[in-house]
RNA sequence: GUUCUUGUAGCUCAGCAGGAUAGAGCGUACGCCUCCGACGCGUAAGGCCGAGGGUUCGAUUCCCUCCAAGAACACCA
């Protein structure tokens with residue numbers, strides 16, 4: 001991958017060295033004074049402090065060295081020691097012509113935990129961000145050369161399953177799963193996702209009112225966790241139905257998981273884990289439960305101990321989580337494990353991570369929690385359906401889809417449904433990743449689907465425009481190998497934007513946030529649209545100009561595609 | 001209650017390893033189609049960066065206090 005900023009930064013570093021100033025790192029940024037230069041370097045002032053010298057003096061010396069380099073069109077000192085830099089057209093052209101957009105592969109493995117679907121419960125709006133952000137971060141890491149593995153970490157082993165099985169047993173007492181000493185194969189029973197969708201909420205609310213029912217559910221959960229014959233077989237059938245359902249929705253969202261493991265898999269490691277922890281002497285008893293103290297001296301806030309086992313011996317969220325880390329470390333040897341989950345779960349993960357470190361389960365592995373903010377309704381309150389229930393993810397996707405369908409160009413006759421679906425996903429994903437990761441945001445259908453502004457449809461439209469222009473160039477046999485000139489401020493603006501690619505991707509990686517990318521996509525689109533209206537590629541008579549512009553259009557399309565692929569956004573041919 | 005997070009234009013949000021004149025989008029007001037998709041483009045107005053202190057040559061950015069909002073706080077996941 002070619003790195004424009006690094007070139008500039010290294011040149012400045014060399015110049016500083018030539019003047020006998022040593023710096024660890026030079027960071028150049030886009031100028032906020034475009035009247036003075038395209039880029040700026042502000043590092044002279046702090047340097048002057050170290051060397052007890054006048055910053056303007058240092059800056060002038062450095063500038064004199066840089067001025068010798070034909071790479072720069074202009075370098076000057078302003079104010080207390082800012083260095084303003086402009087690049088020569090020749091250098092810009094040479095850089096654009098380098099076709100080098102791939103990062104070298106490295107041997108680091110990042111393990112991703114996102115999605116977090118629960119079996120027997122339909123995916124709801126709360127699952128949207130985890131899938132979007134997780135998938136995009138995973139693709140970003142892959143693009144940057146990391147190896148990745150992703151796992152949904154299904155919630156398939158806790159009380160919800162106990163509740164569902166209990167309720168099914170009450171409704172179908174004659175099912176053989178619940179008969180003791182049943183011999184032979186268990187029959188395949190009629191379980192549909194619709195049924196599960198109805199059963200869980202019913203059982204869940206009943207457990208809240210009915211203490212007896214709750215106790216029965218707890219007992220059933222325990223029986224499941226003991227893998228009791230019959231109960232476990234029924235569970236397998238529930239799993240199959242539910243997993244398919246989950247996969248379908250994730251497919252729609254372009255979220256592809258390498259693993260569909262879950263708490264139940266981690267459960268296999270629980271005995272080993274408990275045995276291991278026992279030897280370490282870090283498990284304590286508290287109010288009947290087994291806990292691991294994870295407090296640190298440096299804590300400013302109270303840090304409750306991690307609950308390992310319930311007083312009835314049952315497993316908890318944290319237990320399976322810890323066992324999952326155990327499993328992952330043992331079987332996949334990741335360098336890092338990234339958890340993309342609602343930021344409200346941060347305390348829970350902090351506890352588990354600390355326990356994992358304390359128990360020396362992870363050794364060098366780094367456990368990273370990347371929490372995201374909540375998507376709320378338009379009113380800023382938690383997203384609900386009209387009757388106050390939790391909105392299902394499918395329903396949300398469908399509502400966006402029908403809104404997109406309404407706005408589709410009426411002249412398009414074929415595949416309207418399919419196009420609307422692609423558009424809906426683009427719309428939702430773009431809107432979802434536009435705020436920075438930790439920001440809560442409000443779902444606003446009208447706003448997201450609007451063709452004006454920082455929206456998915458605008459980005460999609462611009463990309464379609466690029467594609468359509470490239471097709472026209474092909475039809476007219478207009479070929480392009482390279483850019484040979486910069487004609488005006490419009491193509492130049494585009495080039496300067498393109499130079500940022502590597503920076504943007506690295507910022508996104510460092511912050512584990514996609515907003516740098518969504519924002520950059522908007523910048524590219526808007527710069528392209530301006531270029532498009534001002535520079536008429538097809539009927540430009542100057543052949544060099546035409547070729548340069550055609551080449552540029554191709555590059556911008558290519559970079560756009562790279563970014564959209566990272567975000568897992570597809571682009572229809574028309575809209 | 002304790003702790004954490006957030007407070008930036010009318011609205012929604014970026015920026016915040018300190019830097020020059022704080023940026024977008026929407027909305028508002030004006031413009032631009034005999035040419036590659038006007039589902040586009042341009043121009044303008046709009047800000048004491050929650051308040052008050054501090055550190056610094058320099059603070060929206062770092063530290064402290066206060067005010068306001070949100071979230072998390074052991075046998076649910």
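The values are calculated or read from the model by the stated rules, or taken from the named source; none is laboratory data. None of the values given here were measured: they were computed from a predicted structure. Positions of Cβ are backbone-derived with ideal geometry, glycine not excepted, and every protein chain shown enters the neighbour counts.
General observations
- Within segment A:296-312, being more than 6 Å from RNA strand B (Cβ to nearest atom), in a loop (DSSP other than H, G, I, E, B) and touching a helix residue (DSSP H, G or I) at 6+ places or on another chain (Cβ under 8 Å) holds for A:296, A:303, A:312.
This table checks each residue for (1) crowded, with 16+ Cβ neighbours inside 10 Å; (2) in the same structural domain as residue A:521 (by TED's automatic domain parsing); (3) under 30 Å from residue A:196 (Cβ atoms).
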| site | (1), (2), (3) |
| --- | --- |
| A:385 | no, no, yes |
| A:406 | no, no, no |
| A:412 | no, no, no |
| A:431 | yes, yes, yes |
| A:464 | no, yes, no |
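- Conditions (1) closer than 25 Å to residue A:398 by Cβ; (2) surrounded by fewer than 18 Cβ atoms within 10 Å (Cβ to Cβ); (3) at pLDDT below 95; number of the one not met by residue A:232: (1)
- Matching residues in segment A:188-201 - criterion: being surrounded by fewer than 11 Cβ atoms within 10 Å (Cβ to Cβ) and more than 25 Å from residue A:389 (Cα to Cα): A:188, A:190
- All of (1) in a strand (DSSP E or B); (2) more than 18 Å from the chain's Cα centre (by Cα) hold for residue A:341 with one exception: (2).
- Only one of the numbered conditions (1) within 11 Å of RNA strand B (Cβ to nearest atom); (2) farther than 18 Å from residue A:348 by Cα; (3) without any contact (Cβ under 8 Å) to a residue 60 or more places away in the chain is not met by residue A:264, and that is (3).
- For segment A:37-51, a residue qualifies if it is surrounded by 19 or more Cβ atoms within 10 Å (Cβ to Cβ) and part of a loop (DSSP other than H, G, I, E, B), and the qualifying residues are A:37, A:38, A:43.
- Residues that are crowded, with 24+ Cβ neighbours inside 10 Å and more than 12 Å from residue A:223 (Cβ to Cβ) within segment A:158-167 comprise A:163, A:164, listed in sequence order.
- Those residues of segment A:258-291 which are assigned to a strand (DSSP E or B) and within 27 Å of residue A:109 (Cβ to Cβ), in sequence order: A:259, A:262
- Helices (runs of 4 or more DSSP H) enclosed by segment A:67-174 - at least 2 residues per element that are farther than 30 Å from residue A:549 by Cα: A:128-143, A:159-171
- Residue within segment A:275-283 that is without any contact (Cβ under 8 Å) to a residue 40 or more places away in the chain, surrounded by 11 or more Cβ atoms within 10 Å (Cβ to Cβ) and within 15 Å of RNA strand B (Cβ to nearest atom) present: yes
- When residues of segment A:553-575 are limited to those that are under 15 Å from residue A:458 (Cβ atoms) and within 11 Å of RNA strand B (Cβ to nearest atom), the one farthest from the chain's Cα centre (by Cα): A:575
- Lone unmet requirement of (1) out of contact with any strand residue (DSSP E or B) (no Cβ under 7 Å at 6 or more places or on another chain); (2) more than 10 Å from RNA strand B (Cβ to nearest atom) for residue A:27: (2)
- Some residue of segment A:43-64 being in contact with a strand residue (DSSP E or B) (Cβ under 7 Å, 6 or more places away or on another chain) and touching a residue at least 60 places away in the same chain (Cβ under 8 Å): no
- Condition check for residue A:443: crowded, with 19+ Cβ neighbours inside 10 Å and closer than 27 Å to residue A:348 by Cβ: yes
- Flag for residue A:312 being surrounded by fewer than 17 Cβ atoms within 10 Å (Cβ to Cβ) and on the phi < 0 side of the Ramachandran plot: yes
- Residue satisfying condition, being within 16 Å of RNA strand B (Cβ to nearest atom), over 24 Å from residue A:495 (Cβ atoms) and touching a helix residue (DSSP H, G or I) at 6+ places or on another chain (Cβ under 6 Å), within set A:62, A:75: A:62
- Number of positions in segment A:560-575 that are assigned to a helix (DSSP H, G or I) and buried (at least 18 other Cβ atoms within 10 Å of the Cβ): 4
- Any hit, segment A:318-328, residues being within 12 Å of RNA strand B (Cβ to nearest atom), at pLDDT below 95, more than 25 Å from residue A:158 (Cβ to Cβ) and crowded, with 16+ Cβ neighbours inside 10 Å: no
- Residues in segment A:202-227 that are exposed (fewer than 15 other Cβ atoms within 10 Å of the Cβ) and either free of Cβ contacts under 8 Å to residues at least 12 places away in the same chain or more than 22 Å from residue A:392 (Cα to Cα) (or both): A:205, A:208, A:209, A:210, A:211, A:212, A:215, A:219, A:226, A:227.
- Subset of segment A:228-243 (residues that are free of Cβ contacts under 8 Å to residues at least 12 places away in the same chain and closer than 22 Å to residue A:115 by Cβ): A:236, A:240
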